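Just below is one structure, and these are the notes that go with it.
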Amino acid sequence: MIALACALPLLAGLALLVGGAELSRPAAARTGLLVALATLVLTAVAWWDGAVVDLPWLPALGLRLHLALDGISGPLAVLSGLVTVTACTTALGGARRRPEGATFIGCVLLTLAGAVATFAARDAVLFVVAFEVVLVPMWVLISRFGDRRDPERRRAAGARFVLYTAFGSTLMLLGVLLLVARAGTADLGELGRAAGEGIDPRTQVVIAVLLTIGLAVKVPVWPLHSWLPLAHTTAPTAGSMLLAAVLLKMGTYGIIRLPLATVPDGFARIAPVLGVCGAIGIIWGGLVCLVERELKRLIAFSSIAHMGFVVLALATGTATGVAAALYGNIAHGVVSALLFLVVGGLKHRWAGDDLTRPRGALREHAPRTGVLLMVGLAAGLGLPGLAAFWGEFTTVVAALDPADGRPHLLFVGCAAAAAVGGALAAGYSLRVARLVWVGEGHEAGAAEGHGSDERDGITTELGSTELLPGFVLALAIVVLGVAPGLLLAVTDPALAAVVGR
C-alpha cells in the first residue's frame, strides 16, 4: 500500500508529462483527480494498517528503501493527498483545450508523489532524495504556469525559488551526510533511538545547524523567507495551495524528524536562536499584512507569521510544544489551502487583487464565496472553535515553560511576542473582511466612476469546481477546531516517543 501510494502519482505524473500532450485541460484534470483520490485512500489505508516497505537500495552504502507512516508523518501525508485532490478539482473548471493541461496536472501529481515519499521515508538519504523530487515540479508550476500577465515577475519568482531552495538543500544534504557518517547508519528509527549517542557535542551542534538552516529555508523561517511571497503571488491557484499546504510542511516535519530527534543536544543549543527567529517572523508577517495592498501577497505573509508559531513551538523542546507544532502544521495546511483557493479565484475574476481598489461586497454579490473567505480568515486569526486556535494557543503555553536548559526569560519574551502576533492576525484578518466581504469603500468608488459597473464592482460566485473543495476544506477546519482530540489521539504516542528521548 505505501509503495503504491508513492508510485501511483509518480508514474501517472510522468505519463502525463510524456504522453499527455493531446489531452485537454479538463481531461487531464479528471485523470489527476482520480489518481489523487486513489493516492489519498492508499495513504490513509497504509497508515491505518501500519504498512512497511524495507528493501535494499544501495547495499554498498548501507542504504535501504524504507517506507512507513506513523502518528507524526501519517496526518501530513493524508493532508498532502487531500489538498492535491482539491487542487485537481479546481483545475476541472478550465473548459478550453490547452496543450499544457497535461503538463500542469503532471507536475501536481509529481509533487504529491514526492511529498508522500518524503513523509514516509525512514532512511535519511531517501528523505533528502524524496524532498528534492518535490522542488522540480513546484519550480515548473511557478515559473511556467504562474501569472501570465507578468512574465518577468514569473521568471524572477522561479529563479528566487530555485536559488533559495538549492541553498537549503545543499546544507541539508551536508548535515545528513555528516550525521550518517558519524552515527554509522541512515535509518531514522535507529538514529532517533540513539539520540546522538556516540557523536561528540561539537559535532552535534554542527549537524543541528546545517540541518536546521537547510530546513528553515523550506519552512521558511525569518530571515530566510523572502522567496515565499513572490512565489505565492506568482504561482497559479493549485500551485499556491500545494506550496503552502505541502512544501512548507515538509520543512517543519524535517526539523522534527532530523535535528530534534537525532541530535537533541545539538538542537537544544541552537533552539533559543530558532525560537527568536520564529517570534520575529510572527511579528514581521503580521505587521506587513496590516499594510499589504495585494490580497494574495497578504495571505503569503500571513503564512510566514503562522509558520513562526510552529517554529517557536518546536524550539521549546517540550512534548506540549512539539504537539502544538504538529497540530499547527496540519491546521495551517488546511486553512492556507482554503484561503489560496478563494483568493486565487477572486484574483482571476477581478483581473488583479489590489485591496485599494473599491469592490462590491462579497456578502451581497457572492455570499457562498464570502462564507468560505470568512471561515478562512476567522481560522487565520486563531478564533476558538476553529483549527488554528489549538496550535497557536498551545504554542504560547509551551513557550512559557520550555524544556530544561533553555533560557526561560527568553522564551517568555517569545511567548509575549507570539501573543502580540495573534492580535496582529486579528487586525489584518478583519481588515480584509472589511474591504472584501463588507465591501467598504465601494459606494465612494462608484460615485467617482470606479467600480460602478459589473466588471469593477460586482464579483460573481466561484464555480462549483472551486466551491465544492472549498467547503470540504472549511468542514475540515471546523472539525479540527471542535474536536482536536481526533488528531491528538493518533499523534501523541509517536510524539511522546520522539520527545521522551
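The values are calculated or read from the model by the stated rules, or taken from the named source; none is laboratory data. Since this is a predicted model, take the numbers as computed values, not measurements. Using ideal geometry, Cβ is built from the backbone for each residue, glycine included, and neighbour counts are taken over all protein chains shown.
Filter the stretch 281-332 down to the residues that are in contact with a Pro (Cβ under 8 Å, 6 or more places away or on another chain) and among the β-branched types (Val, Ile, Thr) and list them by number.
Ile304, Thr316, Thr318, Ile330
Looking only at residues that are surrounded by fewer than 16 Cβ atoms within 10 Å (Cβ to Cβ) and more than 15 Å from Gly333 (Cβ to Cβ) in the stretch 464-477, which one is modelled with the highest pLDDT?
It comes out as Phe471.
Taking the conditions exactly as written (in contact with an Asp or Glu (Cβ under 8 Å, 6 or more places away or on another chain), surrounded by fewer than 22 Cβ atoms within 10 Å (Cβ to Cβ) and modelled with pLDDT under 90), does Gly71 satisfy them or not?
In short, yes.
Condition (residue is loosely packed, with under 15 Cβ neighbours inside 10 Å, within 21 Å of Ala379 (Cα to Cα), at pLDDT 90 or above and aliphatic (A, V, I, L, M)) applied to the stretch 401-409: is it met by at least one residue?
No, every residue in the stretch 401-409 fails to be loosely packed, with under 15 Cβ neighbours inside 10 Å, within 21 Å of Ala379 (Cα to Cα), at pLDDT 90 or above and aliphatic (A, V, I, L, M).
I'd like to know if the stretch 343-365 contains one or more residues that are at negative phi, in contact with a Pro (Cβ under 9 Å, 6 or more places away or on another chain), assigned by TED's automatic domain parsing to the domain that holds Val420 and touching a residue at least 24 places away in the same chain (Cβ under 8 Å).
yes
Here are some residues: Trp57, Trp48. Which one is exposed (fewer than 15 other Cβ atoms within 10 Å of the Cβ) and either out of contact with any strand residue (DSSP E or B) (no Cβ under 7 Å at 6 or more places or on another chain) or modelled with pLDDT under 85 (or both)?
Trp48
Specify which of the listed residues (Val412, Val371) is closer than 28 Å to Leu468 by Cβ and β-branched (Val, Ile, Thr).
Answer to the check: Val371.
Would you check which residues across the stretch 141-159 are surrounded by 15 or more Cβ atoms within 10 Å (Cβ to Cβ) and not in a helix (DSSP H, G or I) and list them?
Arg144, Phe145, Gly146, Asp147
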